[in-house]
1. Would you please list the contacts, defined by Cβ atoms under 6 Å and residues six or more apart or on different chains, that run from a residue in the range 21-40 that is within 23 Å of ASP11 (Cα to Cα) to a residue that is surrounded by 13 or more Cβ atoms within 10 Å (Cβ to Cβ) and at pLDDT 75 or above?
2. Run LEU5 past the list (1) assigned to a loop (DSSP other than H, G, I, E, B); (2) among the hydrophobic types (A, V, I, L, M, F, W, C); (3) under 11 Å from the mean Cα position of the chain (by Cα) and report the number of the one that doesn't hold.
3. If you check ASP13, ASP18, which single one turns out to be surrounded by 10 or more Cβ atoms within 10 Å (Cβ to Cβ) and either in a loop (DSSP other than H, G, I, E, B) or touching a residue at least 40 places away in the same chain (Cβ under 8 Å) (or both)?
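The values are calculated or read from the model by the stated rules, or taken from the named source; none is laboratory data. Keep in mind that what you see is a predicted model, and the values were worked out from it rather than measured. A quick note on method: Cβ atoms are made from the backbone with ideal geometry, for glycine too, and the neighbour counts reach across all protein chains shown.
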Amino acid sequence: MKPKLETLIYDVDGTLADTENQGHRIAFNRDFRETGLDWE
C-alpha cells in the first residue's frame, strides 16, 4: 500500500533550493516563448 501524501511544498522563490537560474526560470521562459509571450 502506498503512503498517503499529506504535504507538498512548492519552493519557487529559492528559499529551500536555488533553482531559478537552472530550473523554473528556464522552463517558464521557454513556455512563454512558445506561446508568443517572449519577454526574455
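1. Within 6 Å, the pairs are GLU40/ASN29.
2. (3)
3. So the residue among ASP13, ASP18 that is surrounded by 10 or more Cβ atoms within 10 Å (Cβ to Cβ) and either in a loop (DSSP other than H, G, I, E, B) or touching a residue at least 40 places away in the same chain (Cβ under 8 Å) (or both) is ASP18.
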